[in-house]
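Down below is the structure, laid out as structure tokens.
None of the figures in this text is laboratory data; all of them are computed from the coordinates on show. None of the values given here were measured: they were computed from a predicted structure. Cβ coordinates were reconstructed from backbone atoms using ideal geometry, including for glycine residues, and neighbour counts include every protein chain displayed.
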Amino acid sequence: MIKGFKEFIAQGNALELAVAVIIGGAFKPIVDSITKVILDIVGQIVGSPNFDSVLQFKIDSASGTYIQPGTILTALINFILVAAAVYFCIVVPMNKMRTLQKKQEEEKPAAPTDVELLGEIRDLLAARNH
């Protein structure tokens, strides 16, 4: 069992997952800040980005406890806003950077292959011998 655990820990997947969790934790404040700005803008436009009280109802009027299905809507909208913030502020710029980098690499002249180099050496030797 210990051997299997060591193999699991040594696998790239476990290590990649650990790195992803750490990087995710480092990105959290950035994403939270972007989301807060977006929620503030939405709040200025619609009044309140909180939909918890939408469709709220009571089952027992004596308890005073409300059932708030709107919390699901609030969570869904928050998820969409976070996903949009991550996509437009992190993914799109990274993809743009990769595209530019790939374009620059394609513009560089390709290094000659071994066969091309050997052909050049042969031609130079042949020219020198004549």
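Apply 1/(1 + (r/R0)^6) to the Cβ-Cβ distance of SER53 and ILE80, taking R0 = 22 Å, and write down the FRET efficiency to the nearest 0.05. Intermediate results must be reported in sequence, preceding the final value.
Details: r = 20 Å, r/R0 = 0.89.
So the FRET efficiency works out to roughly 0.65.
Between LEU118 and LEU17, what is the label-to-label distance in nm when each label sits 7 Å out along the Cα-to-Cβ direction?
Distance between the two pseudo-spin positions: 4.8 nm.
From the residues VAL31, THR65, ILE41, which one has its Cα farthest along the dipole of the range 2-129 in the positive direction, the dipole being from +1 and -1 charges on Cβ of Lys/Arg and Asp/Glu about the Cα centre?
THR65
Would you mind telling me which residue in ILE59, ILE22, ILE41 has the biggest mean-square fluctuation in a Gaussian network model of the chain, where springs connect alpha carbons within a distance under 10 angstrom?
ILE59
Between LEU117, LEU73, LEU17, find the one with the highest GNM mean-square fluctuation for the chain; connect C-alpha pairs within less than 10 Å.
Most flexible of the set in this elastic network: LEU117.
Quick one: divide the alpha-carbon radius of gyration of the range 1-111 by 2.2 N^0.38 Å and tell me what you get. Could the numbers behind the result be given before it?
Numbers: Rg = 22.8 Å, N = 111, 2.2 N^0.38 = 13.2 Å.
Taking N as the residue count of the range 1-111, the ratio is 1.73.
I need to check one value: relative contact order of the chain, counting alpha carbon pairs closer than 8 Å and at least 6 residues apart, in percent.
Details: 53 pairs, mean separation 20.5, N = 130.
Worked out over the chain, it gives 16 percent.
As a footprinting exposure proxy, order ARG128, ARG98 by other Cβ within 10 Å, with the fewest listed first.
Numbers: ARG128 7, ARG98 10.
Listing ARG128, ARG98 from fewest to most nearby Cβ atoms yields ARG128, ARG98.
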